[in-house]
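Remarks on the structure that follows.
The values are calculated or read from the model by the stated rules, or taken from the named source; none is laboratory data. Because the structure is predicted, anything quoted here is derived from the model rather than measured. Every residue, glycine among them, receives a Cβ derived from its backbone with ideal geometry; neighbour counts consider all protein chains shown. Ligands, DNA and RNA are excluded from the accessible area calculation, which covers all protein heavy atoms including side chains. Shrake-Rupley method; radii C 1.70, N 1.55, O 1.52, S 1.80 Å.
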Amino acid sequence: MKPFFFAFFVAEFLTVHCDLKIYTNRTTFPTITGAPFRWGFNIDRTILSGDQSGKLCLKNVDKCMDEDMNYETTTHQLSDFLFSIVPPFDLSRIEGVSPLCRKQSEKYVTDLKRFKLWALKMYDSSSKLPSGVLNGNVNQLGDFDLCLQARQEAQNINGQYCLTSIQVESGRSSPYILALHRLAQSHFHFKSELDDPGHRVPKFSSINWALCVPNGCTPTDIELGLRQGVSKIVKNTDLKVKIHVDPSMCQSAEKRKVPASTVVASCVFAAIVAVVIMATVYDNYSAEDKNQWIEAFSLKKNWNSLIRLKKSHDDIEAIHGIRFVNAFFLVLAHKSMAMFFTPYMNRTEMIEYVARPWSVLGRAASLYTDPFILISGTLTSYSLLGKLYKNRKISLVEEYVSRLFRILPTFVALIAFCTLVLPWLNSGPMWNQVVTHHSEICKKYWWRNLLFIHNYYGFKDMCLTHTHHVGIDTQLFFASPIFILLLWKWPKKGSCALMCVAIFSTFMRYYVTYTMKLSNYIHFGTSINQLFETADNMYILPAHRATVYIMGIFLGYILRNFRNISLTKSQRRIGNTFALLCYCVSFFGPAFMGSIDYVYNPTDAAWYAAFAPILWCIAFGWIIFTTHIGYRGGFERFFSWPPFSIWTKISYTVYLTQFPVFFYNVGVARTAEHYGFFKILFNLKELLWIGVLSVVLTLLVEMPFQNIRNIIVKKKETVLEPLHRKIS
């Protein structure tokens, strides 16, 4: 019996009941003070319809119930019918529960039999056995808001919403039961355990089952009740059931005090907005001699800078398009992971749909980050080599400070918002799992992020796990001057040294993946533990990602020194063919590992982890090279399209904001959805929010601090220029 059927039956019975008695009853309704209702007079129900009578009754249900002598016949019949089919979750008879829980549960059961509204809300908001179990519809969120509305004033009992985790394991004695279990669990696309971390990757093998219980019951009480109830169901079967109730997944409507840190953070963000508004007004109405420091925060100035398509003479054009394409597919890949948190009515159908070869789009998510590392190495090499050729030296302090000005203020703003502000903006069944839990981790370990060492501590205890790439890229950048100086001063020996480092990094990726049975490619049956082990021991470590960064350093060296090189038509064709072959092998080659029948092979995973990034980056590196030396084929023209340069200006903030948006939507989800590929993956509203928030973060934080950096650099150059002239 589904909750909406239950509500429908109750409404129909009560409406018909009121209509039958309409000519025989006169009711004195109580006085309710306070706006918007002020009424305290006798109402002749002979002049009211059933709808009007019910509407007035809802204004004071308890009083109405006490004075209504005619509802019990209907409710007794409904109680006998409903509670015999779907019994309430009764903790009052469970041995070992706390005294308070027992007392409140007894009151709940008693009032439920009397059809008291508060108890009905608790009963109605708990999960019931749904249809579509064999299509994967096993995750039931109940009615979150209705549960929190349940309140019994006299004994101060509030509805407590708990999202419990249940894991069902089937024995091997019955192939048919195993087949049914496989359908219900959507072919075990991911395999998880109850103690796996669930804040980054969903516990796919666990069943989320919502219960609404009195707030005096603890998670331990609920576990005891569930175990006893489930044990009766699976007794003498081939099924084993594990149950866990996480205290953080139990929520009630009790008001929480907003901490001072949240108030301070909110005031700081409000102050930033106020400064930007004042700076914009100043920039718009001030005279010609404007204060540079104030103008740095001007929305008008930064917006014009954001949408400006003018390029510098040193611009490497194709990089903008390559960054856009990989970032777009990375957003979709991240969305494909986040969507597995949401319950779907047709989850098994969804999994069978994504078992097709094209699902490489989401399964190859790790590939999309490699071009960013390549581009970072290319730009760093190209810039530092230019300074070395011009000045014969580089200032490491200036380079490092400039880098920190580029990434740190925006990073700090995101951490502060997600840690102190975001958890208080909403609520939902999975809110604590995907939003509050990240906040609690960041409260402990935010300093690791600000030191850019958070990627060394693993996904489980990482503040904002999606920012691991910031740590990798920063650490490689700090080491890059050594590589570039070797290449500049001793080109041959430096090249050999860099090649050795790249080969060693590639070997380590292969070796670690093979020996530890890791998987950089998401295949059927991938365990959550395997995904976390892959991230912690290979994917988020710069030593294992250094190969493509060194490829970028070589590419920057080539672009700086061989700008005027010309290629014959045959050379371009050979290069284009080889680049296309590298692209196809790296992207489509591992598609067989996405088959529903694939059995994990560590050799396949090791080859993919070691060589797919190299081939993938060769394809894009060739396009960057041919575009930079002046060739304009179809691919070169596409990736050099000028509007892509706008994307480059917000690419960092897009990377930072996407997961907070995804997890916000997961956290507030109240019901199961029907999966449709384009509807879910290409959620235009969600993509628009990512774009808008990225632009806002860029305009309010990133670009103002970039302007401040430019002012400081310009002032320093102005001070040092006379000294340089004097020395020369």
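Before moving on, here are some points about what is shown:
- Condition check for Lys21: of a type outside the set (A, V, I, L, M, F, W, C) and either open to solvent by less than 50 Å² (accessible area, probe 1.4 Å) or modelled with pLDDT of 50 or more (or both): no
- Candidate set from region 684-696 (those that are open to solvent by less than 30 Å² (accessible area, probe 1.4 Å) and not polar (S, T, N, Q)); member that is nearest to Met339 (Cα to Cα): Glu686
- Hits in region 181-235 (condition: among the hydroxyl-bearing types (Ser, Thr, Tyr) and open to solvent by 50 Å² or more (accessible area, probe 1.4 Å)): Thr218, Thr220, Ser231
- Per the listing Arg448, Arg509, the residue uniquely open to solvent by less than 20 Å² (accessible area, probe 1.4 Å), more than 15 Å from the chain's Cα centre (by Cα) and basic (Lys, Arg) is Arg509.
- Segments classed as helices (runs of 4 or more DSSP H), wholly inside region 569-662, with at least 1 members that are over 26 Å from Met337 (Cβ atoms) and free of Cβ contacts under 8 Å to residues at least 12 places away in the same chain: 569-588, 634-639
- Wholly enclosed helices (runs of 4 or more DSSP H) of region 67-175 bearing at least 2 residues at pLDDT below 95, open to solvent by 80 Å² or more (accessible area, probe 1.4 Å) and β-branched (Val, Ile, Thr): 72-85
- Region 620-663, residues that are small (Gly, Ala, Ser) and either in contact with a strand residue (DSSP E or B) (Cβ under 9 Å, 6 or more places away or on another chain) or closer than 12 Å to Ala318 by Cβ (or both): Gly621, Gly630, Gly633, Ser640, Ser645
- Tally of residues being small (Gly, Ala, Ser) and at pLDDT 80 or above across region 29-66: 2
- Checking each residue in region 259-289 for being outside any helix (DSSP H, G or I) and open to solvent by less than 70 Å² (accessible area, probe 1.4 Å) picks out Pro259, Ser286.
- Checked against (1) in contact with a Cys (Cβ under 6 Å, 6 or more places away or on another chain); (2) exposed (fewer than 13 other Cβ atoms within 10 Å of the Cβ), Ser312 passes all but a single condition, namely (1).
- Remark: Leu498 falls outside the filter, which requires a residue to be modelled with pLDDT under 95, more than 31 Å from the chain's Cα centre (by Cα) and buried (at least 17 other Cβ atoms within 10 Å of the Cβ).
- Any hit, region 663-683, residues being open to solvent by less than 50 Å² (accessible area, probe 1.4 Å), free of Cβ contacts under 8 Å to residues at least 40 places away in the same chain, within 18 Å of the chain's Cα centre (by Cα) and under 30 Å from Tyr549 (Cβ atoms): no
- Counting only helices (runs of 4 or more DSSP H) that fall entirely inside region 329-409 and contain at least 3 residues that are at pLDDT 90 or above and open to solvent by less than 10 Å² (accessible area, probe 1.4 Å), the qualifying elements are 347-353, 365-391.
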